[in-house]
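See structure below.
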Amino acid sequence: MTNNSKITVYTKDNCIYCEKAKALLKGLSYSFTEQKYGKDFKTPEDLYEAVGKKVRTMPQIVVDDKLLGGYNQLVEYFVEQGKVNFKGEINK
C-alpha cells in the first residue's frame, strides 16, 4: 500500500472499529474513500459485491481493488510495515 493506493473503507454507523480504521489511515496520512452502509450501499449483498466475498464484520478495507479485510488485518498489515505496534499505535 502506498500513499497513491486507492483505498475504500466500508463502514456503518456506531462502529468503533470503523472509526479506529479511519483514524489509523488518517494518522498515517493515507487518503481513502468511505462507503457507508445505508447511504452508499443498502444491503449486505451490495457489500458482498463490492468487496468480492461474503463478509460478516465491519469495517471492510479494499486496497487497489483487493480486499485487505477488517481493522485487525489493517493493523497487521501496518505492523509488518513497521508503521504501528501490535496495538495499532503509530510508531514515532
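The values are calculated or read from the model by the stated rules, or taken from the named source; none is laboratory data. Computed from a predicted structure; not experimentally measured. For neighbour counting, all protein chains shown are included, and Cβ atoms are generated from backbone atoms with ideal geometry for every residue, glycine included. Accessible surface is based on the protein model in full, side chains and every heavy atom, while ligands, DNA and RNA are left aside. Shrake-Rupley method; radii C 1.70, N 1.55, O 1.52, S 1.80 Å.
Pull up the DSSP beta bridges for the chain and report the antiparallel fraction as a percent, rounded to 5. Percent antiparallel among DSSP bridges in the chain is about 60. For the chain, the solvent-accessible area works out to 65 Å² per residue, with a probe of 1.4 Å and every protein chain left in place.
In the chain, taking the dipole from charged Cβ atoms about the Cα centre, the farthest positive-side position among 43, 7, 24 is held by 24.
Quarter the surface of the alpha carbon convex hull of the chain and you get the mean projected area, 5.6 square nanometres. Compared with the dominant principal axis of the Cα atoms in the chain, helix 71-80 is inclined by about 30°.
Shown in residue order for segment 11-19 are the 3J(HN,Hα) couplings computed by the Karplus curve 6.51 cos²θ - 1.76 cosθ + 1.60 at θ = phi - 60°: 10, 9, 5, 6, 10, 5, 6, 5, 5 Hz (x for Gly and Pro). Surface composition of the chain: carbon and sulfur atoms hold 45% of the protein heavy-atom accessible area at a 1.4 Å probe. Highest mobility in the GNM of the chain, judged by mean-square fluctuation with C-alpha springs under 10 Å and restricted to 11, 43, 33, is found for 43.
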